[in-house]
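Participant: The structure that follows is given in the form of structure tokens.
Any read-out appearing in this document is the output of simple, stated calculations on the displayed coordinates, not a laboratory observation. Given the structure is predicted, the values throughout are model-derived calculations rather than measurements. When we count neighbours, we look across all protein chains shown, and the Cβ atoms used for this are built from the backbone with ideal geometry, even at glycine.
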Amino acid sequence: MLTKFGKELRKIRIENDEILKNMADKLNVTAAYLSAVENGNRKVPDAWVNTIATKYNLSDEKATTLQKLAYEDRCDINLTFDSTNSREANLALSFARKFKDLDNNQIKEIQKILDMKK
């Protein structure tokens with residue numbers, strides 16, 4: 001089944017008059033791998049959104065939309081704490097333990113904080 005990210009990726013490809021192989025070459029993967037990502041059989045590689053945004057000259061808005069779609073399609077997230085301090089690691093772990101218990105208002109407030117630009 002085509003994912004939301006896959007649909008947007010396909011749209012970008014069609015807008016640029018490319019076939020699957022052309023986009024796969026730009027992303028340094030096989031057409032089969034790209035197809036698997038579009039169809040949700042493989043997860044979206046973390047670097048892809050930036051690579052796609054650069055190679056296809058996407059606006060900031062379109063790149064942000066693509067990033068959100070990539071996150072929506074994920075059902076698990078891996079965190080690496082090698083270069084974080086203990087406060088950051090503890091915050092991430094606390095959030096992971098409690099996020100299922102958040103109500104809609106709490107979710108909106110946290111999202112506002114995370115969306116704030118510096």
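Participant: Beta carbons within 10 angstrom, averaged per residue: use that to sort the peptides 88-96, 27-35, 107-115, highest first.
Facilitator: Top of the packing list down: 27-35, 88-96, 107-115.
Participant: Still on this structure: Give me the three principal axis extents of segment 4-72 from the C-alpha atoms, as integers in angstrom, largest value leading.
Facilitator: Taking the Cα atoms of segment 4-72, the three principal extents are 28, 24, 18 Å.
Participant: With charges only on Cβ, +1 for K and R and -1 for D and E, what is the dipole size of the chain about its Cα centre, in debye, rounded to 20?
Facilitator: Once rounded to the nearest 20, the dipole reads 80 debye.
Participant: Tell me, what is the FRET efficiency for Asn90 and Thr30 to the nearest 0.05, using R0 = 30 angstrom and their Cβ-Cβ distance as r?
Facilitator: Between Asn90 and Thr30 the formula returns 0.15.
Participant: Then there is this: Measure up Lys62/Lys108; Lys4/Lys108; Lys62/Lys98; Lys21/Lys68; Lys26/Lys112; Lys26/Lys100 against 27 Å on the Cα-Cα distance and list the ones that go over.
Facilitator: Check vs 27 Å cut-off fails for Lys62/Lys98; Lys26/Lys112; Lys26/Lys100.
Participant: While we're looking at this one, here's another question. If you consider only alpha-carbon coordinates, what radius of gyration and Dmax does segment 49-118 have, in Å?
Facilitator: 14.9, 40
Participant: If eta is 1.002 mPa s and T is 20 °C, what Stokes-Einstein diffusion coefficient results for the chain, Kirkwood Rh from Cα pairs, in µm²/s? Walk me through the intermediate numbers first.
Facilitator: Details: Rh = 16.3 Å.
It comes out at roughly 132 µm²/s.
Participant: Over the chain, calculate the relative contact order: mean separation of alpha carbon pairs under 8 Å at least 6 apart, over the residue count, as a percent.
Facilitator: Once normalised by length, the contact order is 23 percent.
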